[in-house]
Amino acid sequence: MTVVDVVTAVLLLGGALSCLLGALGLVRFPDVPARLQAATQPQTLGMVLILVGTAIRLEFESAATLLLVALFQIITAPVISQIVGRSAYRAGTLRRDDLVVDELADPMARDDAPVRDEPPDSGRGR
Amino acid sequence: MRRRLPQLFWLTVVWVLLWGTLTPTTIIGGIIVAALVTWLFPLPPMPDTVPFRPLRLLGLAGFLAFDLLRSAVDVAWETVLHGPRARAGIVSVPLLSGSARAVALLAGSVALTPGSYVLQIDRARGTFWVYTLGLRREGDVERVRHAMLVLQRKVVAAVGTAGELADCDRGLAAGTEKTP
């Protein structure tokens with residue numbers, strides 16, 4: 001067993017563990033934003049670890065492609081998590097009772113009032 | 001046209017890496033594809049001098065890599081120990097820089113660290129809101145706010161102009177005075 005073997009094993013197993021914990025979080029967490037945390041970042045970390053673990057065993061040409069895969073994953077994952085998380089908040093699938101603190105509630109309520117698709121008078125005073 | 005050259009170069013590099021072989025065909029093909037992409041999807045015009053500090057950027061990447069590992073452990077802890085009773089919160093953080101580059105990089109950095117992502121950005125009001133998992137102890141909210149301010153300082157230091165960095169420091173000083 002060489003040093004490369006050990007490093008590869010640690011990276012692959014660490015990546016697999018991270019993905020497993022992400023999957024576990026997907027099942028155990030109560031609402032969309034929390035599940036989103038489990039679904040995006042531990043998966044990203046796990047995938048990057050597995051890709052690096054694989055890349056160090058390959059010749060440079062194939063390894064470069066794997067690093068590109070990791071790069072694209074790192075660039076795109078935050079965009080998706082932000083869009084889904086925001087939609088979840090606006091759609092109300094977030095369990096607000098479970099939040100320790102929600103400093104967005106007030107500004108959001110203020111902002112939402114004038115942009116509703118209703119005539120300006122009908123929506124007031126409810 | 002001169003400004004498109006770096007874009008052309010990097011897109012060609014990506015193309016060649018995707019093919020995995022360095023031959024005249026892939027290079028010429030890459031240049032054609034890169035020219036098409038930059039022509040069809042032009043980026044908004046950039047300011048004349050884009051500050052680029054490789055060392056600070058590298059420092060930020062290192063910080064993020066460490067943060068990624070540390071918060072992965074935190075989220076794993078929260079998953080295994082608390083699961084359905086996970087506690088989360090939405091924390092408002094002052095936005096210290098108005099530059100689109102810094103804000104985009106900041107939102108990306110926050111989203112990469114497990115357990116938190118940017119829920120909303122309001123550049124007009126100079127605030128952004130971060131969703132964070134695992135707020136349990138007293139003072140956790142302030143801790144998150146402080147960590148976000150520190151991260152912001154690092155991001156602006158990496159890609160902001162000297163003026164933006166000065167603004168950021170001023171905001172940081174004012175912010176820490178307000179919150180005891």
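The values are calculated or read from the model by the stated rules, or taken from the named source; none is laboratory data. Values in this document were obtained by computation on a predicted structure and should not be read as measured data. Here Cβ is always computed from backbone atoms with ideal geometry, including for glycine, and neighbour counts include all displayed protein chains.
At a glance:
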{"item": "Options B:L112, B:L105: the member that is within 20 Å of A:T44 (Cβ to Cβ) and modelled with pLDDT of 80 or more", "result": "B:L105"}
{"item": "Verdict on A:R86 being within 11 Å of chain B (Cβ to nearest Cβ) and modelled with pLDDT under 75", "result": "no"}
{"item": "Residue match in the stretch B:138-151 (condition: at pLDDT below 80, touching a strand residue (DSSP E or B) at 6+ places or on another chain (Cβ under 9 Å) and more than 7 Å from every other protein chain (Cβ to nearest Cβ))", "result": "yes"}
{"item": "Boolean, B:R87 is of a type outside the set (A, V, I, L, M, F, W, C), crowded, with 19+ Cβ neighbours inside 10 Å, modelled with pLDDT under 80 and touching a helix residue (DSSP H, G or I) at 6+ places or on another chain (Cβ under 8 Å)", "result": "no"}
{"item": "Test: residue in the stretch B:158-174 that is assigned by TED's automatic domain parsing to the domain that holds B:E78 and modelled with pLDDT of 80 or more", "result": "yes"}
{"item": "Residues of the stretch B:92-131 satisfying the condition of being within 7 Å of chain A (Cβ to nearest Cβ), of a type in the set (G, A, S) and either in contact with a helix residue (DSSP H, G or I) (Cβ under 7 Å, 6 or more places away or on another chain) or surrounded by fewer than 18 Cβ atoms within 10 Å (Cβ to Cβ) (or both)", "result": "B:A107, B:G108, B:A111, B:G115"}
{"item": "Candidate set from the stretch B:141-180 (those that are acidic (D, E) and touching a residue at least 40 places away in the same chain (Cβ under 8 Å)); member that is nearest to B:P54 (Cα to Cα)", "result": "B:E164"}
{"item": "Total residues in the stretch A:9-46, condition over 16 Å from B:E78 (Cβ atoms) and over 13 Å from the mean Cα position of the chain (by Cα)", "result": "8"}
{"item": "A:P33 surrounded by 15 or more Cβ atoms within 10 Å (Cβ to Cβ), in contact (Cβ under 8 Å) with a residue 40 or more places away in the chain and in a helix (DSSP H, G or I)", "result": "yes"}
{"item": "Residue match in the stretch B:136-147 (condition: assigned by TED's automatic domain parsing to the domain that holds B:L69 and within 28 Å of A:F72 (Cα to Cα))", "result": "yes"}
{"item": "For A:V52: the one exception among (1) over 14 Å from the mean Cα position of the chain (by Cα); (2) within 10 Å of chain B (Cβ to nearest Cβ); (3) part of a helix (DSSP H, G or I)", "result": "(2)"}
